[in-house]
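Worksheet for the structure shown next.
The values are calculated or read from the model by the stated rules, or taken from the named source; none is laboratory data. These figures come from a predicted structure and were not determined experimentally. So basically every Cβ, Gly included, is an ideal-geometry build from the backbone, and we count neighbours across all protein chains shown. Please note that ligands, DNA and RNA were not included when accessible areas were found on the heavy atoms of the full protein model with its side chains. Shrake-Rupley method; radii C 1.70, N 1.55, O 1.52, S 1.80 Å.
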Amino acid sequence: MTAYKDLSREELLELKSGLEEEFKKVMELGLKLDMTRGKPSQEQLDISMGMMDVLTSKSDLVCEEGVDCRNYGVIDGIREAKQLFADMMEVPKDNIIIFGNSSLNVMYDTVARAMTHGIMGSTPWAKLDKVKFLCPVPGYDRHFAITEHFGIEMINIPMTPDGPDMDLVEKYVETDPAVKGIWCVPKYSNPQGITYSDETVHRFAKLNPAAEDFRIFWDNAYGIHHLYEDKQDYLIEILMECKKEGHQDMVYKFGSTSKISFPGSGIAAIAASENNLKEIRQMMAVQTIGHDKLNQLRHVRFFKDIHGMVEHMKKHAEIIRPKFDAVLGTLENELGGLEIGSWISPRGGYFISFDAMEGCAKAIVAKAKEAGLVMTAAGATFPYKKDPKDSNIRIAPTYPSLEEVKQAAKVFVLSVKLVSIEKLLEEKAD
(Lines give C-alpha, C1' and ligand atoms only; values in the text may rest on other atoms or scores of the structure.)
Protein backbone atom coordinates (compact mmCIF):
# COMPACT_ATOMS: atom_id res chain seq x y z
CA MET A 1 0.00 0.00 0.00
CA THR A 2 1.11 3.54 -0.72
CA ALA A 3 1.56 5.72 2.35
CA TYR A 4 -1.12 8.41 2.52
CA LYS A 5 1.51 11.13 2.95
CA ASP A 6 2.92 10.25 -0.46
CA LEU A 7 -0.41 10.81 -2.23
CA SER A 8 -1.16 14.06 -4.03
CA ARG A 9 -3.95 16.37 -2.88
CA GLU A 10 -6.12 15.17 -5.77
CA GLU A 11 -5.54 11.51 -4.89
CA LEU A 12 -6.41 12.18 -1.27
CA LEU A 13 -9.63 13.96 -2.23
CA GLU A 14 -10.66 11.08 -4.50
CA LEU A 15 -9.90 8.56 -1.76
CA LYS A 16 -11.82 10.64 0.76
CA SER A 17 -14.89 10.72 -1.48
CA GLY A 18 -15.00 6.93 -1.72
CA LEU A 19 -14.45 6.47 2.03
CA GLU A 20 -17.24 8.95 2.84
CA GLU A 21 -19.67 6.89 0.74
CA GLU A 22 -18.57 3.81 2.64
CA PHE A 23 -19.02 5.64 5.95
CA LYS A 24 -22.58 6.69 5.02
CA LYS A 25 -23.52 3.06 4.42
CA VAL A 26 -22.12 2.08 7.80
CA MET A 27 -24.12 4.86 9.49
CA GLU A 28 -27.30 3.56 7.87
CA LEU A 29 -26.79 0.23 9.68
CA GLY A 30 -27.64 1.93 12.99
CA LEU A 31 -24.89 0.11 14.88
CA LYS A 32 -24.64 0.32 18.67
CA LEU A 33 -21.18 -0.92 19.60
CA ASP A 34 -19.54 -0.38 23.01
CA MET A 35 -15.77 -0.69 23.42
CA THR A 36 -15.39 1.81 26.24
CA ARG A 37 -14.06 -0.40 29.01
CA GLY A 38 -12.13 -3.63 29.39
CA LYS A 39 -14.96 -5.70 30.77
CA PRO A 40 -15.27 -9.48 30.49
CA SER A 41 -18.08 -10.63 28.20
CA GLN A 42 -21.10 -12.59 29.39
CA GLU A 43 -19.50 -15.71 27.92
CA GLN A 44 -16.48 -15.15 30.18
CA LEU A 45 -18.67 -14.64 33.24
CA ASP A 46 -20.52 -17.86 32.42
CA ILE A 47 -17.40 -20.02 32.80
CA SER A 48 -17.21 -19.07 36.49
CA MET A 49 -20.84 -19.95 37.28
CA GLY A 50 -19.76 -23.20 38.93
CA MET A 51 -18.50 -21.01 41.76
CA MET A 52 -22.13 -20.38 42.70
CA ASP A 53 -22.56 -24.08 43.47
CA VAL A 54 -19.48 -24.90 45.55
CA LEU A 55 -21.04 -23.63 48.78
CA THR A 56 -24.50 -24.81 49.81
CA SER A 57 -26.51 -24.79 53.03
CA LYS A 58 -24.94 -28.18 53.81
CA SER A 59 -21.30 -27.13 53.17
CA ASP A 60 -18.57 -27.22 55.79
CA LEU A 61 -17.80 -23.50 56.17
CA VAL A 62 -14.87 -23.76 58.58
CA CYS A 63 -11.55 -22.54 57.20
CA GLU A 64 -8.07 -23.94 57.93
CA GLU A 65 -7.72 -21.67 60.98
CA GLY A 66 -10.77 -23.41 62.45
CA VAL A 67 -12.91 -20.28 62.14
CA ASP A 68 -16.51 -20.43 60.89
CA CYS A 69 -16.42 -18.25 57.74
CA ARG A 70 -19.95 -17.04 58.45
CA ASN A 71 -18.73 -15.27 61.58
CA TYR A 72 -16.23 -12.58 62.59
CA GLY A 73 -12.52 -13.32 62.65
CA VAL A 74 -9.41 -13.70 60.47
CA ILE A 75 -9.22 -10.04 59.54
CA ASP A 76 -6.46 -10.33 56.93
CA GLY A 77 -7.81 -13.32 54.96
CA ILE A 78 -8.20 -17.05 55.46
CA ARG A 79 -5.06 -19.13 55.09
CA GLU A 80 -6.16 -21.10 52.02
CA ALA A 81 -7.08 -17.90 50.15
CA LYS A 82 -3.69 -16.44 51.03
CA GLN A 83 -2.05 -19.56 49.59
CA LEU A 84 -4.03 -19.24 46.34
CA PHE A 85 -3.02 -15.60 46.00
CA ALA A 86 0.57 -16.29 47.04
CA ASP A 87 0.89 -18.72 44.13
CA MET A 88 -0.83 -16.34 41.72
CA MET A 89 1.29 -13.36 42.81
CA GLU A 90 4.49 -15.42 43.19
CA VAL A 91 5.20 -14.42 46.80
CA PRO A 92 5.19 -16.25 50.17
CA LYS A 93 1.72 -16.42 51.73
CA ASP A 94 2.98 -14.59 54.82
CA ASN A 95 3.44 -11.52 52.60
CA ILE A 96 -0.25 -11.41 51.62
CA ILE A 97 -3.31 -9.62 53.01
CA ILE A 98 -6.69 -10.46 51.46
CA PHE A 99 -9.25 -7.67 51.08
CA GLY A 100 -12.67 -7.33 49.44
CA ASN A 101 -13.57 -7.55 45.77
CA SER A 102 -11.59 -4.62 44.29
CA SER A 103 -7.84 -4.05 44.02
CA LEU A 104 -8.60 -0.46 42.94
CA ASN A 105 -10.24 0.02 46.34
CA VAL A 106 -7.07 -1.32 48.01
CA MET A 107 -4.91 1.11 45.99
CA TYR A 108 -7.18 4.01 46.89
CA ASP A 109 -7.01 3.08 50.58
CA THR A 110 -3.23 2.75 50.41
CA VAL A 111 -2.88 6.29 49.04
CA ALA A 112 -5.48 7.56 51.54
CA ARG A 113 -3.57 6.03 54.48
CA ALA A 114 -0.38 7.72 53.31
CA MET A 115 -2.23 11.04 53.02
CA THR A 116 -3.75 10.93 56.52
CA HIS A 117 -1.19 8.99 58.56
CA GLY A 118 2.01 8.84 56.53
CA ILE A 119 4.06 5.70 55.90
CA MET A 120 6.07 4.13 58.72
CA GLY A 121 6.35 7.27 60.79
CA SER A 122 6.98 9.71 57.95
CA THR A 123 5.01 12.97 57.62
CA PRO A 124 1.45 12.42 56.34
CA TRP A 125 1.39 13.41 52.68
CA ALA A 126 -1.55 15.77 53.30
CA LYS A 127 0.71 17.90 55.54
CA LEU A 128 3.38 18.33 52.87
CA ASP A 129 3.53 21.31 50.52
CA LYS A 130 3.93 19.10 47.47
CA VAL A 131 3.41 15.41 46.71
CA LYS A 132 4.26 13.99 43.28
CA PHE A 133 3.62 10.67 41.53
CA LEU A 134 5.26 9.30 38.40
CA CYS A 135 2.80 8.07 35.78
CA PRO A 136 3.99 5.84 32.92
CA VAL A 137 2.05 6.90 29.82
CA PRO A 138 -0.06 5.78 28.18
CA GLY A 139 -1.42 4.17 31.34
CA TYR A 140 -4.45 3.19 33.39
CA ASP A 141 -6.98 6.01 33.76
CA ARG A 142 -8.28 4.84 37.14
CA HIS A 143 -4.77 4.97 38.65
CA PHE A 144 -4.49 8.58 37.55
CA ALA A 145 -7.97 9.34 38.88
CA ILE A 146 -6.88 8.30 42.39
CA THR A 147 -3.84 10.57 42.52
CA GLU A 148 -5.76 13.45 40.92
CA HIS A 149 -8.53 13.00 43.52
CA PHE A 150 -6.01 13.53 46.33
CA GLY A 151 -4.45 16.56 44.65
CA ILE A 152 -1.17 14.77 43.96
CA GLU A 153 0.86 16.23 41.11
CA MET A 154 1.31 13.70 38.30
CA ILE A 155 4.40 13.54 36.08
CA ASN A 156 4.32 11.77 32.72
CA ILE A 157 6.95 9.08 32.19
CA PRO A 158 7.02 7.79 28.58
CA MET A 159 6.67 4.03 28.09
CA THR A 160 9.27 2.19 26.01
CA PRO A 161 9.10 -1.40 24.67
CA ASP A 162 10.84 -2.44 27.94
CA GLY A 163 8.58 -0.50 30.33
CA PRO A 164 8.83 3.05 31.74
CA ASP A 165 11.79 5.24 30.73
CA MET A 166 14.01 4.22 33.66
CA ASP A 167 16.53 7.02 33.12
CA LEU A 168 13.72 9.49 33.88
CA VAL A 169 12.33 7.37 36.73
CA GLU A 170 15.76 7.23 38.40
CA LYS A 171 16.29 10.95 37.91
CA TYR A 172 13.00 11.92 39.57
CA VAL A 173 12.96 9.29 42.33
CA GLU A 174 16.57 9.74 43.39
CA THR A 175 16.71 13.56 43.32
CA ASP A 176 13.26 14.82 44.33
CA PRO A 177 11.97 13.96 47.85
CA ALA A 178 8.48 15.15 46.82
CA VAL A 179 8.21 12.11 44.50
CA LYS A 180 6.38 9.58 46.68
CA GLY A 181 5.26 6.92 44.24
CA ILE A 182 4.94 5.51 40.76
CA TRP A 183 2.02 3.67 39.18
CA CYS A 184 2.98 0.47 37.35
CA VAL A 185 1.06 -2.16 35.38
CA PRO A 186 4.14 -4.32 34.81
CA LYS A 187 2.70 -7.23 32.83
CA TYR A 188 0.60 -6.81 29.69
CA SER A 189 0.32 -3.12 30.60
CA ASN A 190 -2.88 -1.14 30.24
CA PRO A 191 -3.25 -0.15 27.42
CA GLN A 192 -0.15 -1.21 25.44
CA GLY A 193 0.25 -4.81 26.55
CA ILE A 194 3.95 -4.26 27.33
CA THR A 195 5.71 -6.43 29.92
CA TYR A 196 8.60 -4.85 31.81
CA SER A 197 11.98 -6.30 30.85
CA ASP A 198 14.33 -7.98 33.34
CA GLU A 199 16.58 -4.92 33.29
CA THR A 200 13.65 -2.60 34.02
CA VAL A 201 12.59 -4.66 37.06
CA HIS A 202 16.18 -4.81 38.29
CA ARG A 203 16.49 -1.03 37.98
CA PHE A 204 13.26 -0.58 39.95
CA ALA A 205 14.63 -2.78 42.73
CA LYS A 206 17.91 -0.81 42.81
CA LEU A 207 16.23 2.62 43.15
CA ASN A 208 17.60 4.77 45.96
CA PRO A 209 14.73 7.20 46.61
CA ALA A 210 15.27 10.69 47.95
CA ALA A 211 12.05 10.16 49.95
CA GLU A 212 12.13 7.48 52.67
CA ASP A 213 8.39 6.93 52.13
CA PHE A 214 8.61 6.42 48.34
CA ARG A 215 6.63 3.38 47.18
CA ILE A 216 6.28 1.52 43.91
CA PHE A 217 2.57 0.80 43.31
CA TRP A 218 2.95 -2.46 41.35
CA ASP A 219 -0.48 -3.36 39.98
CA ASN A 220 0.04 -6.81 38.47
CA ALA A 221 -3.53 -6.87 37.16
CA TYR A 222 -2.81 -9.21 34.25
CA GLY A 223 -0.25 -11.57 35.81
CA ILE A 224 -1.84 -14.76 34.43
CA HIS A 225 -3.91 -13.23 31.62
CA HIS A 226 -2.17 -14.75 28.60
CA LEU A 227 -3.76 -14.77 25.15
CA TYR A 228 -1.59 -17.51 23.65
CA GLU A 229 -0.30 -20.75 25.15
CA ASP A 230 2.82 -20.74 22.98
CA LYS A 231 3.64 -17.02 23.31
CA GLN A 232 3.68 -15.81 26.92
CA ASP A 233 5.57 -12.95 28.52
CA TYR A 234 7.60 -13.53 31.68
CA LEU A 235 7.95 -10.95 34.45
CA ILE A 236 10.52 -11.04 37.25
CA GLU A 237 8.94 -10.96 40.73
CA ILE A 238 9.49 -7.47 42.17
CA LEU A 239 9.17 -8.17 45.92
CA MET A 240 12.05 -10.64 45.92
CA GLU A 241 14.20 -8.35 43.74
CA CYS A 242 13.66 -5.46 46.15
CA LYS A 243 14.51 -7.73 49.10
CA LYS A 244 17.78 -8.78 47.41
CA GLU A 245 18.73 -5.11 47.10
CA GLY A 246 17.85 -4.35 50.72
CA HIS A 247 14.78 -2.36 49.65
CA GLN A 248 12.09 -4.80 50.77
CA ASP A 249 9.79 -2.01 52.04
CA MET A 250 9.81 -0.07 48.76
CA VAL A 251 6.97 -1.86 46.94
CA TYR A 252 3.25 -2.51 47.30
CA LYS A 253 2.10 -5.25 44.95
CA PHE A 254 -1.60 -5.52 44.08
CA GLY A 255 -3.63 -8.31 42.51
CA SER A 256 -7.20 -9.53 42.18
CA THR A 257 -9.44 -12.12 40.57
CA SER A 258 -11.56 -9.38 38.95
CA LYS A 259 -10.94 -10.64 35.42
CA ILE A 260 -10.53 -14.26 36.53
CA SER A 261 -13.81 -14.97 38.34
CA PHE A 262 -16.48 -12.24 38.69
CA PRO A 263 -15.34 -8.60 38.41
CA GLY A 264 -18.00 -7.44 40.84
CA SER A 265 -17.48 -10.29 43.31
CA GLY A 266 -13.84 -11.31 43.16
CA ILE A 267 -11.07 -11.11 45.74
CA ALA A 268 -8.32 -8.52 45.94
CA ALA A 269 -5.00 -8.66 47.77
CA ILE A 270 -1.85 -6.73 48.56
CA ALA A 271 1.61 -8.29 48.81
CA ALA A 272 4.29 -6.37 50.67
CA SER A 273 7.06 -6.62 53.27
CA GLU A 274 6.25 -7.55 56.88
CA ASN A 275 6.95 -3.94 57.95
CA ASN A 276 4.41 -2.60 55.45
CA LEU A 277 1.84 -5.29 56.27
CA LYS A 278 2.13 -4.66 60.01
CA GLU A 279 1.19 -1.02 59.48
CA ILE A 280 -1.66 -1.90 57.12
CA ARG A 281 -3.09 -4.47 59.58
CA GLN A 282 -3.11 -1.87 62.37
CA MET A 283 -5.24 0.47 60.29
CA MET A 284 -7.45 -2.36 59.00
CA ALA A 285 -8.27 -3.27 62.62
CA VAL A 286 -9.90 0.15 62.95
CA GLN A 287 -11.45 0.15 59.49
CA THR A 288 -13.16 -3.26 59.39
CA ILE A 289 -14.04 -6.37 61.36
CA GLY A 290 -13.06 -8.40 58.28
CA HIS A 291 -13.82 -9.01 54.63
CA ASP A 292 -16.11 -11.59 53.05
CA LYS A 293 -14.61 -14.94 54.09
CA LEU A 294 -17.40 -16.91 52.40
CA ASN A 295 -16.33 -15.39 49.09
CA GLN A 296 -12.72 -16.26 49.84
CA LEU A 297 -13.74 -19.83 50.63
CA ARG A 298 -15.90 -19.99 47.50
CA HIS A 299 -12.92 -19.03 45.32
CA VAL A 300 -10.64 -21.59 46.96
CA ARG A 301 -13.17 -24.41 46.67
CA PHE A 302 -13.83 -23.54 43.00
CA PHE A 303 -10.23 -23.13 41.78
CA LYS A 304 -8.69 -25.50 44.38
CA ASP A 305 -5.16 -24.25 43.60
CA ILE A 306 -3.09 -22.23 41.14
CA HIS A 307 -3.25 -25.05 38.58
CA GLY A 308 -7.04 -24.82 38.56
CA MET A 309 -6.76 -21.06 38.10
CA VAL A 310 -4.32 -21.45 35.18
CA GLU A 311 -6.63 -23.94 33.46
CA HIS A 312 -9.52 -21.52 34.01
CA MET A 313 -7.53 -18.71 32.36
CA LYS A 314 -7.05 -20.89 29.27
CA LYS A 315 -10.85 -20.87 28.90
CA HIS A 316 -10.83 -17.07 29.08
CA ALA A 317 -8.12 -16.96 26.40
CA GLU A 318 -10.15 -19.21 24.09
CA ILE A 319 -13.00 -16.69 24.26
CA ILE A 320 -11.09 -13.43 23.87
CA ARG A 321 -8.18 -14.45 21.61
CA PRO A 322 -10.33 -14.49 18.42
CA LYS A 323 -11.48 -10.95 19.27
CA PHE A 324 -7.92 -9.67 19.60
CA ASP A 325 -6.93 -11.49 16.41
CA ALA A 326 -9.90 -9.93 14.57
CA VAL A 327 -8.90 -6.39 15.57
CA LEU A 328 -5.19 -6.90 14.91
CA GLY A 329 -5.92 -8.57 11.56
CA THR A 330 -8.16 -5.68 10.47
CA LEU A 331 -5.58 -3.09 11.52
CA GLU A 332 -2.87 -4.90 9.56
CA ASN A 333 -4.98 -5.52 6.46
CA GLU A 334 -6.54 -2.06 6.32
CA LEU A 335 -3.86 0.25 7.74
CA GLY A 336 -0.59 -1.62 7.21
CA GLY A 337 1.78 0.46 5.10
CA LEU A 338 -0.42 3.59 5.09
CA GLU A 339 1.71 5.27 7.81
CA ILE A 340 -1.32 6.81 9.52
CA GLY A 341 -1.13 4.79 12.72
CA SER A 342 0.85 2.25 14.72
CA TRP A 343 -0.12 -0.38 17.24
CA ILE A 344 1.34 -3.12 19.43
CA SER A 345 0.22 -6.75 19.21
CA PRO A 346 -0.05 -7.81 22.88
CA ARG A 347 0.43 -11.37 24.15
CA GLY A 348 -1.99 -10.87 27.01
CA GLY A 349 -4.06 -8.41 29.00
CA TYR A 350 -7.23 -6.67 27.93
CA PHE A 351 -6.33 -3.90 25.49
CA ILE A 352 -4.78 -2.89 22.19
CA SER A 353 -3.08 0.49 22.11
CA PHE A 354 -3.32 2.48 18.87
CA ASP A 355 -1.29 5.61 18.11
CA ALA A 356 -2.82 7.77 15.42
CA MET A 357 -1.17 10.67 13.63
CA GLU A 358 -0.51 13.54 16.02
CA GLY A 359 -3.62 15.62 16.68
CA CYS A 360 -6.07 12.98 15.43
CA ALA A 361 -7.14 10.78 18.38
CA LYS A 362 -10.08 12.88 19.60
CA ALA A 363 -11.37 13.32 16.07
CA ILE A 364 -11.13 9.57 15.37
CA VAL A 365 -13.06 8.66 18.52
CA ALA A 366 -15.72 11.28 17.64
CA LYS A 367 -15.94 9.99 14.06
CA ALA A 368 -16.37 6.40 15.24
CA LYS A 369 -19.18 7.53 17.55
CA GLU A 370 -21.03 8.99 14.54
CA ALA A 371 -21.16 5.45 13.13
CA GLY A 372 -22.35 3.92 16.41
CA LEU A 373 -19.02 2.84 17.96
CA VAL A 374 -18.37 4.22 21.46
CA MET A 375 -14.75 4.01 22.61
CA THR A 376 -12.69 5.09 25.62
CA ALA A 377 -12.31 8.87 25.44
CA ALA A 378 -9.12 10.01 23.75
CA GLY A 379 -6.72 11.32 26.38
CA ALA A 380 -8.01 8.94 29.07
CA THR A 381 -4.70 7.07 29.11
CA PHE A 382 -2.87 10.18 30.36
CA PRO A 383 -2.98 12.11 33.65
CA TYR A 384 -5.58 14.89 33.68
CA LYS A 385 -6.94 13.28 30.47
CA LYS A 386 -4.43 15.34 28.49
CA ASP A 387 -2.54 13.44 25.80
CA PRO A 388 0.09 16.01 24.70
CA LYS A 389 0.14 14.54 21.20
CA ASP A 390 -3.59 13.71 20.98
CA SER A 391 -2.65 10.40 19.37
CA ASN A 392 -3.29 7.47 21.76
CA ILE A 393 -6.50 5.44 21.58
CA ARG A 394 -7.29 2.44 23.78
CA ILE A 395 -9.14 -0.38 22.02
CA ALA A 396 -11.03 -2.75 24.37
CA PRO A 397 -12.15 -5.85 22.42
CA THR A 398 -13.28 -8.18 25.23
CA TYR A 399 -16.86 -7.17 26.02
CA PRO A 400 -18.65 -7.18 22.62
CA SER A 401 -19.39 -10.40 20.74
CA LEU A 402 -16.90 -11.54 18.09
CA GLU A 403 -19.24 -10.37 15.33
CA GLU A 404 -19.56 -6.96 16.99
CA VAL A 405 -15.78 -6.74 17.40
CA LYS A 406 -15.35 -7.37 13.67
CA GLN A 407 -17.87 -4.61 12.88
CA ALA A 408 -16.22 -2.27 15.38
CA ALA A 409 -12.79 -2.85 13.85
CA LYS A 410 -14.13 -1.90 10.40
CA VAL A 411 -15.76 1.27 11.77
CA PHE A 412 -12.54 2.15 13.56
CA VAL A 413 -10.20 1.79 10.57
CA LEU A 414 -12.65 3.74 8.40
CA SER A 415 -12.65 6.54 10.99
CA VAL A 416 -8.84 6.49 11.16
CA LYS A 417 -8.58 6.78 7.38
CA LEU A 418 -11.05 9.66 7.08
CA VAL A 419 -9.58 11.72 9.93
CA SER A 420 -6.02 11.09 8.73
CA ILE A 421 -6.89 12.25 5.21
CA GLU A 422 -8.44 15.42 6.65
CA LYS A 423 -5.25 16.05 8.60
CA LEU A 424 -3.02 15.52 5.56
CA LEU A 425 -5.22 17.74 3.40
CA GLU A 426 -4.90 20.51 5.99
CA GLU A 427 -1.13 20.10 5.99
CA LYS A 428 -0.95 20.16 2.20
CA ALA A 429 -3.15 23.31 2.15
CA ASP A 430 -0.61 25.01 4.40
- prompt: Which value, in Å², gives the accessible area per residue of the range 191-307 when a 1.4 Å probe is used on the protein heavy atoms?
  reply: 40 Å²
field: Listed peptides 127-133, 353-359, 424-430 by packing density, highest first (mean Cβ within 10 Å)
entry: 353-359, 127-133, 424-430
- request: Report, as a whole number in µm² per second, the diffusion coefficient that Stokes-Einstein gives for the range 203-310 at 25 °C and 0.890 mPa s using the Kirkwood radius over alpha carbon pairs.
  value: 153 µm²/s
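Note down the Stokes-Einstein diffusion coefficient of the chain in µm²/s, whole number, using a Kirkwood radius over alpha carbon pairs, 25 °C, and 0.890 mPa s. Spell out each step's value before the answer.
On the way: Rh = 23.1 Å.
Reported coefficient: 106 µm²/s.
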query: Summing Lys, Arg as +1 and Asp, Glu as -1, what charge do residues with Cβ under 12 Å from the Cβ of residue 116 carry, residue 116 excluded?
result: +1
message: Loop-only chymotrypsin sites (Phe, Trp or Tyr not before Pro) in the range 47-126, please: DSSP not H, G, I, E or B, and at most 10 other Cβ atoms within 10 Å.
response: 72
- prompt: Non-local amide H neighbours of residue 382 (under 5 Å, H modeled in plane, Pro and chain starts lacking H): which ones?
  reply: 139
field: Of 171/206; 58/93; 231/410; 32/386, those spanning more than 19 Å from alpha-carbon to alpha-carbon
entry: 58/93; 231/410; 32/386
field: Under 5 Å, built H, 5+ apart or other chain: amide partners of residue 98
entry: 77
Spin-label model distance (nm) - residue 150 vs residue 8, 7 Å beyond Cα toward Cβ: 6.0 nm
query: Got a number for the accessible area of residue 301? Probe 1.4 Å, square angstrom, nearest 10.
result: 80 Å²
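Suppose R0 equals 30 Å; then what is the FRET efficiency for residue 231 and residue 208 from their Cβ-Cβ distance, rounded to the nearest 0.05?
Values: r = 36 Å, r/R0 = 1.19.
Working from the Cβ atoms, E equals 0.25.
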- prompt: Which is farthest toward the positive dipole end of the range 132-284 among 235, 272, 283, measuring Cα position about the Cα centre, with Cβ charges +1 (Lys, Arg) and -1 (Asp, Glu)?
  reply: 283
statement: Averaged over all viewing directions, the convex hull of the alpha carbons in the range 132-258 casts a projected area in nm² of 7.6 nm²
- prompt: So what J values fall out for the range 157-172 if you push phi through Karplus, 6.51 cos²θ - 1.76 cosθ + 1.60 with θ = phi - 60°, rounded to Hz, Gly and Pro as x?
  reply: 10, x, 7, 10, x, 9, x, x, 5, 6, 4, 5, 4, 4, 4, 5
message: Only four residue types carry charge here, +1 at the Cβ of Lys and Arg and -1 at the Cβ of Asp and Glu. Report the dipole size of the chain about the Cα centre in Debye, rounded to the nearest 20.
response: 1040 debye
- prompt: For the range 15-97, what relative contact order do you get, as a whole percent, if you take Cα pairs closer than 8 Å and at least 6 residues apart?
  reply: 13 percent
- prompt: Could you give the angle, 0 to 90 degrees to the nearest 10, between helix 103-117's Cα long axis and the longest principal axis of the Cα atoms of the chain?
  reply: 60 degrees
Distant-in-sequence amide H partners of residue 62 (H built 1.01 Å from N, under 5 Å): 69
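Taking 2.2 N^0.38 Å as the expected size of a compact globular protein, what ratio does the Cα radius of gyration of the range 22-132 give against it, to two decimals? Can you show the working numbers first?
On the way: Rg = 22.3 Å, N = 111, 2.2 N^0.38 = 13.2 Å.
This ratio for the range 22-132 stands at 1.69.
Would you tally the net charge around residue 63, using a Cβ to Cβ cut-off of less than 13 Å, leaving residue 63 out, and scoring K and R as +1, D and E as -1? Walk me through the intermediate numbers first.
Numbers: positive: 70, 79, 82, 293, 298, 301; negative: 60, 64, 65, 68, 76, 80, 292.
Counting the neighbours of residue 63, the net charge comes to -1.
Over the range 190-294, what percent of the accessible surface lies on carbon and sulfur atoms, probe 1.4 Å? Before the final figure, lay out each step's value.
On the way: 1890 of 4020 Å².
Its accessible area is 47 percent carbon and sulfur atoms.
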- prompt: Among 315, 369, 259, which one moves the most in a GNM of the chain with springs linking Cα atoms closer than 10 Å?
  reply: 315
statement: Per 10 angstrom bin, beginning at 0 and ending with the bin that holds the maximum distance, the Cα pairs of the range 351-430 fall in percents of 19, 50, 26, 5, 0
- request: Could you work out which residue, out of 94, 233, 60, moves most in a Gaussian network model of the chain, that is, has the largest mean-square fluctuation with Cα springs under 10 Å?
  value: 60
- line: Within the range 199-239, the residues whose backbone N lies under 18 Å from a label point placed 7 Å from the Cα of residue 321 along the Cα-to-Cβ direction are 223-234
query: For the chain, what is the mean residue ellipticity at 222 nm derived from helices alone (per DSSP H run of n ≥ 4: -39500 (n - 2.57); sum divided by total residues; nearest 500 deg cm²/dmol)?
result: -13500 deg cm²/dmol
message: Report the gain in length on full extension from residue 307 to residue 1: 0.36 nm times residue separation, minus Cα-Cα distance, nm rounded to one decimal.
response: 105.5 nm
Sequence-separation-based contact order of the chain, relative, with Cα cut under 8 Å and 6+ spacing, percent: 25 percent
message: Only Cα pairs within less than 10 Å get springs; with that Gaussian network setup on the chain, which residue of 115, 27, 88 has the largest fluctuation?
response: 27
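Under the 0.36 nm per residue contour assumption, what length would be gained going from the current alpha-carbon distance of residue 49 and residue 332 to full extension? Numbers along the way, then the final one.
Numbers: separation 283, 0.36 × 283 = 101.88 nm, distance 3.63 nm.
Gain on stretching residue 49 to residue 332: 98.2 nm.
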message: To test your reading of the geometry: what angle, between 0 and 90 degrees and rounded to tens, separates the Cα axis of helix 361-370 from the longest principal axis of the chain?
response: 80 degrees
- prompt: Just in the range 25-108: which GluC sites (Glu not before Pro) are loop by DSSP and have at most 14 other Cβ atoms within 10 Å?
  reply: 64, 65
message: Compute the angle between helix 293-303 and the longest alpha-carbon principal axis of the chain, please, reported from 0 to 90 degrees and rounded to the nearest 10.
response: 60 degrees
